[in-house]
Each structure stands twice: as structure tokens, then as C-alpha cells.
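Presented below is the structure to which this report refers.
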Amino acid sequence: MYYLGVDVGSVSTDIVVLDEKLNVYDQVYLRTKGRPIEAIQRGFKQLKNKYKDKEVRAIGTTGSGRGITSFILGADCVKNEITAHAMAGVYYDKEVKTIFEIGGQDSKIILLNQGVVTDFAMNTVCAAGTGSFLDRQAERLGIPIEEFGNYALKSKLAVRIAGRCAVFAESDMIHKQQLGYDSADIIKGLCEALARNYLNNVGKGKDIQPKVFFQGGVAANIGIKEAFEKILGFEIFVPKYYNVMGAIGAALLAKETVESKRCKTNFKGFDISDHVFITNSFQCKDCPNECEVVRILDGEVEIGCFGDRCGKWNQKSHIKSS
Amino acid sequence: MVVTFPHLGNTYIACKIMFDSLGIDYVIPPLSNKEALRIGAFHSPDEICLPFKIMIGNYIQSIEKGADTVIIVGSCGPCRLGEYCELQMSVLKNLGYQVKFIVVDYPGEIGIKELASRIGYISNQSHKKKIEKLRALYRAVKAIRLMDYIEQSARMIAGYEINRGECKRLLLQCRDRVFNESDPSKALKILKSYKAKLSKIPIDKKRKPLKIAIVGEIYTNIESFANHFIEDTLMDYGIATYKSLSPSWWLKYTGLKVLKLHAVRARLAAKQYLKYEVGAYAKETVGEAVLAYERGYDGIIHLLPVGCMPEIVSKSILTSIAKEKDIPIMTLLFDEMTGEAGYLTRIEAFIDLLERRRRDHVLSWR
């Protein structure tokens, strides 16, 4: 018996398979590339031969693409990323008080007290410090993103880089490059700037208590982890499955939902990878709201519809979350 | 003369009833929408806040339909909003539109004489008798109070309704029907009938839904488009929502201000945290937050447009209220972005937070 969790983020799509004892049994990492449905299908194609439909007891989705994928997969639980990350963090360590989550497009801070979320925040107007920004800078410096953190560790002196805003950080960095500073020093400077930006922006006014978990794709960057530790003055923990914590949380939540409702899973099966899904969107002209409605078709059959305010279109497919 | 006015929640319903009674030609701008925002954002100064942009969009969409006179309320600068009319006049003038602005302002600022002459200008356009004119005003006030009452109750009852979505459907239907009725007395009758219908919605009194209070900047509170229809979203989740701000609240507030008896309870509640006026309705925001705590709400959502100075002040005060009173407060900032995902994630996570705090799964009935 397995529990599936799917996290469809802006940059990556992660699928995890938890076994009966809730250990991570399998995981798939894919690039979303702006096409969540295709990413999901590619992912399930990889899993198809290893597992049987009957073995799945529950499935949950999370991430910014959770809505659309829940229709395709028949998810039992559709939850936002904050709850999913908190769930997974608490599952691995009940003592965790703060979770830093930095993903491809957004960053979050979650504060917990005895395993219950008490406060959270997301980045509002600035994307500095998120994965896509780091990706771009790594590319500019000609360093593979996987190596980024190690470079920072090589440096002894961080170059000061403005971290207030992604655009300023970038132009500051180019300027320092042109002056001939060592790449390692610039990278270290960048890591520190991003950590500062995160704490001033997302973590503004929040009481950050240890133990801190650092989750999300950016947690792979050891340079940023170290920068956080330097500023905060205590150790930051990167959980083993830091990059799929959202998906793990979704799987745990799905398990909880199915067990509390004592129902069977709605999972549609692994062969969804062979189906042809078409989405078409149109502007509803029935009122001045002019909602952009998205319709998902499985071949000829409409399986979901959303984007409308009044509920006229999505009546059949109510939001199941919350 | 063909008058128009910017949207502010349900005011268009009252204005329609008033102008229908007065027999004055009017154009109601299409309900605030993405196109209005696009037009408004394109023609407005970049740093100005969201209300300004949507209002400009409203004007231009009305002018294109033949309006030539804009009526707005000014309230002479509690914050930037009070100075909007001047800037908006020059924006529209630069675009080559020939429109007259009539700013109905607080008599304390412009003098009763000036106010009388401005209102006189509007009233002279109507050929009805004086008594008819007074009746028109009376009907408008009555309509807005009824409509606001219906909306406020529907949002609260939504937490208790047995047939999911009934309150929301009733509210949308009510707005739609009143708006399509051009006979003022029939329109009022429709409102009254919906008030009665609302009280007959089957509810489960034993249910304990999550209760959320909405506070913050007045425009983003009242004009649903500006806050991405947050209350409708909360209704979908089966949450009982309370919001004190509404056009009728504003009417009462402005009327009582002359006697210095405006929003007494909220202002007294705020006193402990904010003694001074910092502009706009920041003090009321703080007060409402404290009152929401005292009334036993589970959480508070604070709304403001990016760059709103008075609400930035109250935002930092709300942080300490949240800590001292141990009540979750979430602040949502609104700007030109029309993407929903970020807001939905925050709202959902906030609901989860409140739910888990309560431990018993009140929403598990879904």
C-alpha cells in the first residue's frame, strides 16, 4: 500500500511515494516548464510499471498547480503549500519551531508552536532569493547551480551586494564582476545578501526560534544555509528530503483525509499518462466580471472547470480543498 | 447632463435608485473589471494606489458610454484619496475628455454654502418637485442600508447555511434583480423581499463555523474587485465573515462626525493602541481589530492597497495586537496583479491555521 504526494510548483514538479510506514519509497523530480499537465503525465509514466493502481491508498496534491492536477489525478486532498510544508516538517521533527521554505518562485516562512502553525508569511513584491533568481545568476557566472553553494564556501571574504531587490542585486553583482572580484567572493556575497533579504522581507517582524528547518529547492545551496546561520547565530537544519517536503506533506494530508472520512481513494490510476488532456480557456461574457474560465477535457469528457466567480461553470467540480 | 460616478461596493444600486427617482440621465460604469484596471493603470501615475487606478478606469468606461459629469465624494484628504479628484481631473483633461467634476465634500472643509451650491447644481438638473427630490434621497439611503444589510447578513449566515452556496446565490441574484429594475419603488420592494428571503434560509445554529473579521482600508474593503472578491472566496469555504465597513457605515460615520460621535466604540477600543489620528480610517481599523477579538472571532484579515500610508501604520499596530491578544491576523496587500494563486494560497493557509488552532474539524462536514 502506498500514499502518493504531488507538488506541482512553478519550476519543478515532485512526486513522492510513501510506503505503509510513511517512509519515502520513491521520488520523481521533473521540471514543470510551464506545462503542469505534461509534467504530471511524464512523472506517472515513470511510475506506471513499478506500481499497481490498487496499491494506492491515497493521493494528495499541493503547489501552485494543485487545482488543475487534482482534476487529472483525482486527488483526495488538495492543500496549499504552506500547510503541506508545515505538515511534513512537523512529521520529521515535532520540535521544529520555524520553517524556511524557498522555492522556485516564492519564499515562505512558517512559525509553529507544538506542531500547530501559528503564523506564516510569503514574499510579496520581490522575487530576490528565490530559486529562479539563483538559477539566472548561476548561469550568468557560468557555474552549474549544483556547485553554487560549494563556491560560496571556498570564499573567505564576502563581497557586499545589495539584497533589497533582485534587479539591484543583479546590477550590483555585474558591477563587482566587472571590477574583477573573485567569483567565489561574489557568490558568497550574493548568498549573504539573499539571506538578509529573506529575513528582512519575508521574516519581517517574525520571532524566529530554533529549531529551524530549511526546506525547498534552494536548501540544496549550502552557501545560503551558512549565511542564515551566520546572521541568526544558531544552527539551521536541512531535512533529508528537503526538496520534496511539499509532496510528502500532501501525501500525509491525503492519508489523513482518507482515514478521517473512511473512504476509498479517488485516484484515477497510473494510466492517466496515456490520456490526452486538453485545456481550453474562454472569457465568460455573461457579466462584467469577464472571468477567464479554464476547462479541462479528458479526450471529449469535461473533467473540470474553474476560474469563474459565480460558480456557474465549476458547479460540477467544487473546490475540494480546505 | 449625463452623470456618472466611480464604483464603491453597492453604492451603484443606491445611486441608480436616486437618479431614477430624480429623472436625471446617468451612466453606471461596468462593474469594476480587469479592463477598467488596465485602462486605469495605463493612464495613472505609477506610484498612486490601486483605488485611484480602478476609479480612472470606471470614469473612462463611463465616458465612452456618453457620461459628461462625474460625481464623487471627496472628504478633503483624510489620506491621498481626498485629493484624488484634483489629480483625476487633470488626468482626464490631459487625455482630452471634457468632463465636469462635482465633488461632494465634507461641509467642515468647504463650507455649507459651497456644498449647497454643488448639490444644488445636481438637483437643478431634475425637474421634479422638491418633495420628490427629498424622497429620492430618502429612497437612496434606504436602498443602500437595505443592500448593505443583506450583504452583511448573507456573509455571516454563509457559515451556518445548510444548503451550501445558498447565501451566495441569493446575494448575487438580489444584486442582479435590483440592478435590472428601473422603477425605484419596485426596486426597494425587491430589496425588502430579499431581506425576508434571507431570514428564511435554513441554517444550522449548532454549527460552529470559523468566524473571520475583515478590517482595513475602506476602498479595498468595500469594492470587492479590489480585494479579489475575498468575501466570496471565504463564503465558498463556509466561513462566517464580518466586515464593518460599508457604504452605509460611511454615511453614518460622515453624518455623525459633525457631532463627533462617529464610530465611538471602535475609536474607544483603539485608544489603548493608537491615541492619535493618523489619517483615513487607521484608528477605526485598529479599533475594529480589538472589537473582533472581544467578540470572539477566530481570526482577522487586514486588507490594504500597496502604498497606503495610514494602513501601514495600523498594520504595525495589528502585529502587536496579534501578539498580546493571541489572535491570528493576516495582512493582504493588493495591487495591479490579477493572479489569484498567491492570494488563494494565503487564504487557504490562514483558514488551515485557524482550523488547526481549534482542533475540532468544524469544516469536515464538506
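The values are calculated or read from the model by the stated rules, or taken from the named source; none is laboratory data. Small disclaimer: the values here were computed from a predicted structure and weren't measured. As a convention, Cβ positions derive from the backbone with ideal geometry for all residues, glycine included, and neighbour counts pool all protein chains shown. Areas reflect the complete protein model, heavy atoms only, side chains present, ligands, DNA and RNA absent. Shrake-Rupley method; radii C 1.70, N 1.55, O 1.52, S 1.80 Å.
Compute the FRET efficiency between residue B:320 and residue B:195 as 1/(1 + (r/R0)^6), taking r as their Cβ-Cβ distance and R0 = 25 Å, and round to the nearest 0.05.
Numbers: r = 40 Å, r/R0 = 1.58.
Efficiency for this residue pair is about 0.05.
So if I restrict to the alpha-carbon atoms in the range B:253-366, what is the Rg, and what is Dmax, the biggest pairwise distance, in Å?
Rg and Dmax of the range B:253-366, Cα atoms, are 16.0, 49 Å.
For the pair residue A:285/residue B:358, report the inter-label distance in nm, with labels modelled 7 Å from Cα in the Cβ direction.
Placing both labels 7 Å along Cα→Cβ, they lie 4.3 nm apart.
What residue among B:6, B:237, B:163 has its Cα farthest toward the positive end of the dipole of the protein assembly as shown, where the charges are +1 on Lys, Arg and -1 on Asp, Glu, each on the Cβ?
B:163
For the range A:95-238, compute the number of Lys pairs whose alpha carbons are separated by less than 17 Å, excluding pairs fewer than 8 positions apart on the same chain.
21
How large is the dipole of the protein assembly as shown about the Cα centre if only Lys and Arg carry +1 and Asp and Glu carry -1, each at its Cβ, rounded to the nearest 20 debye? Walk me through the numbers on the way to the answer.
Working: 96 positive and 80 negative charges, 509 e Å.
I would put it at about 2440 debye.
Remind me, what semi-axes does chain A give for its equivalent ellipsoid, largest first in whole Å, using sqrt of 5 times each Cα gyration tensor eigenvalue? Each step should come with its number before you reach the end.
Details: eigenvalues 261, 104, 72 Å².
They are 36, 23, 19 Å, listed from largest to smallest.
Can you pull out the chymotrypsin sites (Phe, Trp or Tyr not before Pro) in the range B:274-366 that DSSP calls coil and that have at most 11 other Cβ atoms within 10 Å?
Numbers: sites: B:276, B:281, B:293, B:297, B:334, B:343, B:350, B:365; in loops: B:276, B:281, B:297.
Sparse-neighbourhood loop chymotrypsin sites (Phe, Trp or Tyr not before Pro): B:276.
With θ set to phi - 60° and the Karplus curve 6.51 cos²θ - 1.76 cosθ + 1.60, what are the ³J(HN,Hα) couplings of the range A:207-219 in order, to the nearest whole Hz, using x for Gly and Pro?
Each residue's phi maps through the Karplus curve to give 8, 8, 10, x, 8, 9, 9, 10, 10, x, x, 5, 4 Hz.
What shape does the range A:138-187 have by the C-alpha gyration tensor, where a ≥ b ≥ c are the square roots of the eigenvalues, rounded means a/c under 1.5, and otherwise prolate means a/b greater than b/c and oblate the rest?
On the way: a/c = 1.57, a/b = 1.31, b/c = 1.19.
Prolate, because a/c is 1.5 or more and a/b exceeds b/c.
Can you give the alpha-carbon Rg of the protein assembly as shown over 2.2 N^0.38 Å, where N counts its residues? Before the final figure, lay out each step's value.
Values: Rg = 27.1 Å, N = 688, 2.2 N^0.38 = 26.3 Å.
Ratio of Cα Rg to 2.2 N^0.38 Å: 1.03.
Would you work out the charge dipole size for chain B about its Cα centre, treating the Cβ of every Lys and Arg as +1 and the Cβ of every Asp and Glu as -1, and quote it to the nearest 20 debye? Walk me through the numbers on the way to the answer.
Working: 54 positive and 41 negative charges, 353 e Å.
Here the size comes out at about 1700 debye.
Show which aspartates and glutamates lie in cross-link reach of residue B:34 when reach means a straight Cα distance below 16 angstrom and same-chain residues fewer than eight apart are skipped.
A:286, A:290, A:292, A:308, B:223, B:335, B:336, B:340
Would you calculate a helix-derived [θ] at 222 nm for the protein assembly as shown, using -39,500 (n - 2.57) for each DSSP H run of n ≥ 4 and dividing by the full residue count, to the nearest 500?
Details: 25 runs with 310 residues, N = 688.
Value at 222 nm, helices only: -14000 deg cm²/dmol.
Please list, in chain and number order, the residues 5+ apart from residue B:331 or on another chain whose amide H is under 5 Å from its amide H, with Hs placed from the backbone.
B:302
Using only Cα atoms, find the angle between the long axis of helix B:282-294 and the longest principal axis of chain B, and express it within 0 to 90 degrees, rounded to the nearest 10.
Roughly 30 degrees, rounded to the nearest 10.
Between the DSSP loop rule and a limit of at most 10 other Cβ atoms within 10 Å, which GluC sites (Glu not before Pro) in the range B:1-70 are left?
Details: sites: B:35, B:47, B:64; in loops: B:47, B:64.
Answer in residue order: B:47.
Counting only protein heavy atoms, what percent of the accessible surface of chain B is carbon or sulfur at a 1.4 Å probe? Working shown, then result.
Values: 9080 of 16390 Å².
Carbon-and-sulfur percentage of accessible area, whole number: 55.
If the cut-off is a Cα-Cα distance under 20 Å, which aspartates and glutamates reach residue A:45, setting aside same-chain residues fewer than 8 apart in sequence?
The reachable aspartates and glutamates, counting only those whose Cα sits under 20 Å from residue A:45, are A:7, A:14, A:19, A:26, A:53, A:55, A:271, A:274, A:298.
Only loop residues by DSSP count here, and only those with at most 13 other Cβ atoms within 10 Å; note down the trypsin sites (Lys or Arg not before Pro) in the range A:95-158 that meet that. Don't skip to the answer; put the middle values down first.
Details: sites: A:97, A:108, A:136, A:140, A:154, A:156; in loops: A:97, A:156.
In loop regions of the range A:95-158 (DSSP not H, G, I, E or B), the sparsely surrounded trypsin sites (Lys or Arg not before Pro) are A:156.
Would you kindly calculate the mean projected area, averaged across all directions, of the convex hull enclosing the Cα atoms of the range B:1-113, in square nanometres?
Details: hull surface 29.2 nm².
That works out to 7.3 nm².
In whole angstrom, how long is each semi-axis of the equivalent ellipsoid of chain B, when you take the square root of 5 times every eigenvalue of its Cα gyration tensor and sort them from largest down?
Details: eigenvalues 224, 119, 82 Å².
Result for chain B: semi-axes of 33, 24, 20 Å.
Averaged over B:23-35, how many beta carbons belonging to a partner chain fall within 10 Å of each residue's beta carbon? Please list the in-between numbers first.
Working: counts 0, 0, 0, 0, 0, 0, 1, 4, 4, 2, 5, 6, 2.
If you average over the peptide's residues, the count of other-chain Cβ atoms is 2.
Counting only residues 5 or more places away or on other chains, whose amide H sits under 5 Å from the amide H of residue A:13 once H atoms are built in the peptide plane?
A:30, A:31, A:32
Please report the antiparallel percentage of DSSP beta bridges with both residues in the range A:1-158, rounded to the nearest 5.
Numbers: 24 of 32 bridges.
In the range A:1-158, DSSP labels about 75 percent of beta bridges as antiparallel.
Measure off 7 Å from each Cα along the Cα-to-Cβ vector at residue B:295 and residue A:261, then give the distance between these two points in nanometres to one decimal.
3.3 nm
Could you grab the relative contact order for chain A? Cα pairs under 8 Å, six or more apart, rounded to a whole percent. Could you put the intermediate results ahead of the total?
Values: 674 pairs, mean separation 71.6, N = 322.
Across chain A, relative contact order equals 22 percent.
For the range A:95-238, report the translational diffusion coefficient in µm²/s to the nearest whole number, using Stokes-Einstein at 37 °C, 0.692 mPa s, and a Kirkwood Rh over Cα pairs. Provide the component values of the computation, followed by the final result.
Values: Rh = 15.1 Å.
My calculation gives 217 µm²/s for D.
Rounding to the nearest 10 and keeping the result within 0 to 90°, find how far the Cα-based axis of helix A:166-178 lies from the longest principal axis of chain A.
40 degrees
Taking H as built 1.01 Å from N, whose amide H comes closer than 5 Å to the amide H of residue A:118, not counting residues under 5 places away?
Amide H to amide H, under 5 Å and 5 or more residues apart or across chains, residue A:118 pairs with A:111, A:112, A:113.
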